[in-house]
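Structure first, commentary second.
The values are calculated or read from the model by the stated rules, or taken from the named source; none is laboratory data. The model shown is predicted, which means the values in this text are computed figures rather than measured ones. Just so you know, the surface numbers come from the protein's heavy atoms only, side chains and all, with ligands and any DNA or RNA stripped out. Shrake-Rupley method; radii C 1.70, N 1.55, O 1.52, S 1.80 Å.
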Amino acid sequence: GTRIIYDRKFLMECRNSPIAKTPPSDLPDIPGVTSPNVEELKIENNHVQNCDEKVSAGEEEQFDMDI
């Protein structure tokens with residue numbers, strides 16, 4: 001068969017296409033896989049707030065560890 005080979009410049013231009021930024025219309029809604037899980041959103045929002053608090057307090061850790 002034939003192979004289609006794309007160069008880097010073409011792929012980088014496709015990255016900014018509006019079509020590349022929208023999910024397919026027939027994609028099923030699977031929480032945690034194709035759409036964010038409600039619990040994951042709460043954890044993510046809490047994590048962002050905690051990171052903002054650390055930066056504002058002047059204590060910035062080198063690595064953020066999940067325990």
Q: Given the conditions (1) more than 15 Å from the chain's Cα centre (by Cα); (2) modelled with pLDDT of 85 or more, report the number of the one that residue 57 does not fulfil.
A: (2)
Q. Can you tell me how many residues in the stretch 1-25 are open to solvent by 100 Å² or more (accessible area, probe 1.4 Å) and assigned to a loop (DSSP other than H, G, I, E, B)?
A. 8
